[in-house]
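One structure is given below, encoded as structure tokens.
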Amino acid sequence: MTGVVDWSVEDLGRQGVVRPVVRAPAAVLSMAGEVVDPDDPAVLQLAADLVATMRVSPGCVGLAAPQVGVSAQVFAVDVTGHPKVRTVHGTFVLCNARLVEASQWQKGREGCMSVPDLTGDVKRAGRVVVAGELPGGGEIEITTNAFEARALQHEIDHCAGLLFLDRVAGAHAIHTRKVYL
Amino acid sequence: MHDDARVDELAITVIGHDRPGIIADVAEVLAGLGMNLTDSTMTRLRGHFAMTLICGGPGAEAGTPAIEDVEAALAPLTADGTLATTVRKVGPEGTPEPPGGHYVLSVHGADRLGIVASVARGLAEFGGNITDLTTRLSGDLYVLVAELDLPAGADVDAIGERLEAVSRALGVEVALRPAETDVL
Ligand SMILES: [Zn+2]
């Protein structure tokens, strides 16, 4: 079993392809994703594609398979350099991820590449333990906090067919995005 | 029976082309008339300035200013036709019944006619009272977020089922959950 910090997208040995990002109201964004085999070559390619697409998208700190039109429980995250981070695990992809522990709930503003013109205030756990599988890398558990914890919860939601819009704190908690981050 | 000693409040709306200084202009007019701008809300709706406010008069003795005086004082704002204002008197509201529960409802999906009507009617059938509402059209995506009070003893499961039926008919996603109030 490798740790998440030892995992590298380069180890997949695959060239990631930048895929178009689908926007709400696309049906795939509201469907619960399929459980995947993390060693399936198609999943390894999807992982590489998610990382490639995330990296070419300015300000993108996470991208889930439904956002590239694939109804599967796979997402990429990289919050490196974001001002609200504390713990950072670099670039990684998780399959079949689930929230094991969640505490220290706090409200924060979120955006999403699939809802490009709106942001929303969403309550998320500020400390989480997430279990899942690395593509080609086995079962892992990640303990993290702050912005990385928020990003993980946002992406796990995507894999369950949920958008931040489903969790906004109230009628005055959605905002028209003024600046593209 | 009219009770002259009762202090009415004024309900004012200001809607139109946005520019810096509208709120300053409105607030100065009201202050000049001795009106307290009490509850107000302002936002931009598809770029239009939109403000609704309730203001109280200077006190029981002086009474609330005449509507005509308020309209005359606001007239310079509307002279060039880019802003429209309305002024009317409203009586004091009683204290509402304490709600059985406070909920947040999210609806999103492809824009189509009748989303708000269908959802709001579904809630109204159960006595649900929408207390705050925001809707946004963003490209093809229509988003509705409402806060609502449900009456004491309301069957939340039945309301959820009703909303599910509405969402299936409209082809939109619906999420109803209790509003959280953090008292720190
Ligand atoms: Zn997203």
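The values are calculated or read from the model by the stated rules, or taken from the named source; none is laboratory data. If you're wondering where the values come from, they're calculated on a predicted model, not measured in any experiment. Because the Cβ atoms are built from the backbone with ideal geometry, glycine has one as well, and the counts that use them run over all protein chains shown.
Quick look at the numbers
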{"read-out": "Complete set of residues in the stretch A:63-87 that are among the aliphatic types (A, V, I, L, M), at pLDDT 95 or above and part of a loop (DSSP other than H, G, I, E, B)", "value": "A:VAL70, A:VAL79"}
{"read-out": "Filtered residues of the stretch B:139-164 (kept if within 13 Å of chain A (Cβ to nearest Cβ) and exposed (fewer than 15 other Cβ atoms within 10 Å of the Cβ))", "value": "B:GLY139, B:ASP140"}
{"read-out": "The one condition in (1) assigned to a strand (DSSP E or B); (2) within 14 Å of another protein chain (Cβ to nearest Cβ) that B:VAL87 fails to fulfil", "value": "(2)"}
{"read-out": "Unique match (being within 10 Å of chain A (Cβ to nearest Cβ), surrounded by fewer than 15 Cβ atoms within 10 Å (Cβ to Cβ) and not β-branched (Val, Ile, Thr)) among B:ARG121, B:ARG136, B:ARG177", "value": "B:ARG177"}
{"read-out": "Unmet requirement for A:PRO25, which otherwise passes all of (1) within 16 Å of the ligand (Cβ to nearest atom); (2) touching a residue at least 12 places away in the same chain (Cβ under 8 Å)", "value": "(2)"}
{"read-out": "Qualifying residues in the stretch B:124-152 (those that are in contact (Cβ under 8 Å) with a residue 24 or more places away in the chain and among the small types (Gly, Ala, Ser)) - the one farthest from B:LEU170 (Cα to Cα)", "value": "B:ALA152"}
{"read-out": "Those residues of the stretch A:102-149 which are of a type in the set (S, T, N, Q) and away from every other protein chain (no Cβ under 14 Å), in sequence order", "value": "A:SER103, A:THR143, A:THR144, A:ASN145"}
{"read-out": "Tabulated pairs, the stretch A:116-129, first without any contact (Cβ under 8 Å) to a residue 40 or more places away in the chain, second among the β-branched types (Val, Ile, Thr) and surrounded by fewer than 21 Cβ atoms within 10 Å (Cβ to Cβ), C-beta under 7 angstrom, 6+ apart or interchain", "value": "A:VAL129/A:VAL100; A:VAL129/A:THR143"}
{"read-out": "Test for A:VAL77: is it more than 14 Å from every other protein chain (Cβ to nearest Cβ) and either within 14 Å of the ligand (Cβ to nearest atom) or hydroxyl-bearing (Ser, Thr, Tyr) (or both)", "value": "yes"}
{"read-out": "The stretch A:150-168, subset within 13 Å of another protein chain (Cβ to nearest Cβ), among the aliphatic types (A, V, I, L, M) and in contact with a Gly (Cβ under 8 Å, 6 or more places away or on another chain), residue nearest to the ligand (Cβ to nearest atom)", "value": "A:LEU165"}
{"read-out": "Pick from the stretch A:43-57, criterion within 15 Å of the ligand (Cβ to nearest atom) and in contact (Cβ under 8 Å) with a residue 40 or more places away in the chain, ranking: nearest to the other protein chains (Cβ to nearest Cβ)", "value": "A:SER57"}
{"read-out": "Yes/no for A:PRO25 being within 11 Å of the chain's Cα centre (by Cα), under 23 Å from B:GLU173 (Cα atoms) and surrounded by 15 or more Cβ atoms within 10 Å (Cβ to Cβ)", "value": "no"}
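Yes/no per residue for (1) free of Cβ contacts under 8 Å to residues at least 40 places away in the same chain; (2) loosely packed, with under 14 Cβ neighbours inside 10 Å; (3) within 14 Å of chain B (Cβ to nearest Cβ); (4) within 16 Å of the ligand (Cβ to nearest atom):
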{"site": "A:TRP7", "(1), (2), (3), (4)": "no, no, no, no"}
{"site": "A:VAL36", "(1), (2), (3), (4)": "no, no, no, no"}
{"site": "A:PRO41", "(1), (2), (3), (4)": "yes, yes, no, no"}
{"site": "A:GLY59", "(1), (2), (3), (4)": "no, yes, no, yes"}
